[in-house]
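Comments concern the structure below.
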Amino acid sequence: MAGGYIQADETPIPVQMHDKSGKNHQAYLWQYGRPGGSTLFDFQMGRGREGPKKFLRDFKGILQTDGYIAYDHVGGSGMVHACCWAHARRKVFDALKLNPDDRLATQLISQMDELFAIDAEAREADMDHAARHVLRRERSQPLLEILKKELLSAQAAVLPASALGKAISYTLSLWDKLTRFLEYPQLELSNNLAENSMRPVALGRKNWIHVGSQQAGPKVAAILSVIESCRRLKLPVREYLASILPGLADLPVSRLPQLTPAVWAASRR
């Protein structure tokens, strides 16, 4: 949270209940991560606003998410909420799959792809945030002006309840949050890093079926936090665990923050 820029996402996780009903409860893992930095998973029994509201209560930086409404009205005063272009593109692309000959959807996808191409050019040129900010102002901003006109024009031409109509409404409703990357150079176009961090959980569900109890949820979240942070920081997980686990139980609690993946990685640079 000290980094000032968090990407967040959530995914369902079944929890075995011991109430004789024989049914699993659908809980959620909420993930909060810094691009290029650590990640933290937070276990909650539901998908309501209570989870992110509690976790982000004092956060005053940039929060980037999809369009899920639970992320609205969370965080401290001055928090900036940004949204993800990959989600907006995906909704238009899903509409295009239903009607591959739709010229409106094809045009919108092409313009969104151009936004990502501009950022890809900045990455390939190894630009810092300041240089990328200039490039975005020069090329992304005019493209966004054209794209918004195209979206408004398309909205008037399609049925609101159609897949494309819903995709356009989604994008326009989040427009201010989608275009915040023009104001904040560090902001990425998409929340894909957060989504990619959820894939091991999605794959894991097929293998371990459920978490054994509500009490086990936070422990699972802690393990995932360590493993995913190591992955993002390019730390060999086995080497990291082999270094910190021996003697861990004998250390005072005050020493534990020094053993987190981020601190451990920094001390070995």
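The values are calculated or read from the model by the stated rules, or taken from the named source; none is laboratory data. This is a predicted model, so every value here is computed, not measured. Every residue, glycine as well, gets a Cβ built from its backbone with ideal geometry; the counts of neighbours run over all protein chains shown. These area figures cover heavy atoms from the full protein model, side chains too; ligands, DNA and RNA do not enter into them. Shrake-Rupley method; radii C 1.70, N 1.55, O 1.52, S 1.80 Å.
Just a few scattered comments:
- Subset of segment 1-31 (residues that are closer than 19 Å to GLU188 by Cα and either open to solvent by less than 10 Å² (accessible area, probe 1.4 Å) or not in a strand (DSSP E or B) (or both)): MET1, ALA2, GLY3, GLY4, ILE6, GLN7, ALA8, GLN31
- Of residues in segment 206-218 being part of a helix (DSSP H, G or I) and either within 25 Å of GLY61 (Cα to Cα) or of a type outside the set (A, V, I, L, M) (or both), the one most open to solvent (accessible area, probe 1.4 Å): LYS206
Residue-wise test of (1) modelled with pLDDT of 90 or more; (2) part of a helix (DSSP H, G or I); (3) hydrophobic (A, V, I, L, M, F, W, C); (4) surrounded by 11 or more Cβ atoms within 10 Å (Cβ to Cβ).
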position: LEU189; (1), (2), (3), (4): yes, no, yes, yes
position: LEU193; (1), (2), (3), (4): no, yes, yes, yes
position: GLY204; (1), (2), (3), (4): no, yes, no, yes
position: VAL220; (1), (2), (3), (4): yes, yes, yes, yes
position: LEU224; (1), (2), (3), (4): yes, yes, yes, yes
position: ILE227; (1), (2), (3), (4): yes, yes, yes, yes
position: ARG231; (1), (2), (3), (4): yes, yes, no, yes
position: ALA266; (1), (2), (3), (4): no, yes, yes, no
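- If the condition is being surrounded by fewer than 19 Cβ atoms within 10 Å (Cβ to Cβ) and either touching a Phe, Trp or Tyr at 6+ places or on another chain (Cβ under 9 Å) or under 16 Å from GLN141 (Cα atoms) (or both), then segment 100-119 contributes ILE109, SER110, GLN111, ASP113, GLU114, PHE116, ALA117, ILE118.
- Under the condition of being more than 19 Å from GLY37 (Cβ to Cβ), open to solvent by 60 Å² or more (accessible area, probe 1.4 Å) and hydrophobic (A, V, I, L, M, F, W, C), the residues counted in segment 233-264 number 4.
- Whichever residue in segment 158-183 is hydroxyl-bearing (Ser, Thr, Tyr) and farther than 16 Å from ILE118 by Cβ and, among such residues, is most open to solvent (accessible area, probe 1.4 Å): SER173
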